[in-house]
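Any read-out appearing in this document is the output of simple, stated calculations on the displayed coordinates, not a laboratory observation. These numbers were taken from a predicted model, which means no experiment stands behind them. Because the Cβ atoms are built from the backbone with ideal geometry, glycine has one as well, and the counts that use them run over all protein chains shown.
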Amino acid sequence: MGKFEKYRIDLKGMKENHAHYDFLLDNAFFAAIDSPELQKGKVTVQVDVKKTAQAFELSFNSQGTVVVLCDRCLDEMDQEISSTDKIFVKFGAEYADEGDNLIIVPEDEGDINVAWIMYEYIALAIPMKHVHAPGKCNKTMSGKLNKYLRTSADDMDEMEPVDDSAEDESNIVSDEENDKPIDPRWSELQKLL
Ligand SMILES: [Zn+2]
């Protein structure tokens, strides 16, 4: 965990009841966290630490952009994120996540590493649906998708008039394709029976 050493917040050694930390989480940070869902970004996180009689109160304010994949064209896109979150930290015998935003850290260590906590808040701040702004999608990919959709729509339009006008040929083709029971061979079979 050496590479996350700078995200360690000393609680035991607090000289005043307030402390403030500024972190800049860049591509190197996201690469080091090594999670598949989020590997690039630039997010500033301000952490305000308040010491009360009951606990340490850590307020996180995260602002910036992360790189995610566009839902429409699957290219990378910048997603702005903004999030404020709060946890409470108390000293105890050993590390424990108590739920309700309460974390226990060993009193003999007296500090908390917030690298993973910050990462999780940022990941949670990404909206479920994320697409490029209109016209910003990957042209090749969205062009292919559009062409595919347009071609299928044209096929559908052409099908019906052809079926209606040229009954003999097109009916045989489409009946064989769809394996409908009105196949001419079915009529022949009925005659035999
Ligand atoms: Zn896109």
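Of the options Met118, Phe23, Leu74, report the single residue whose Cα projects farthest towards the positive end of the charge dipole of the range 2-124 (beta-carbon charges: Lys, Arg +1; Asp, Glu -1).
My answer, from the dipole projection, is Phe23.
Please compute the contact order of the range 65-123 in relative form: average sequence separation of alpha-carbon pairs under 8 Å and at least six residues apart, divided by the residue count, as a percent.
Relative contact order for the range 65-123 comes out at 23 percent.
So how many Lys-Lys pairs in the range 1-69 land under 20 Å Cα to Cα, not counting same-chain pairs under 8 apart?
Summing the qualifying lysine pairs gives 10.
Please compute the net charge surrounding Glu57, taking Lys and Arg as +1 and Asp and Glu as -1 over other residues with Cβ under 15 Å from its Cβ.
Neighbour charge sum, excluding Glu57 itself: -1.
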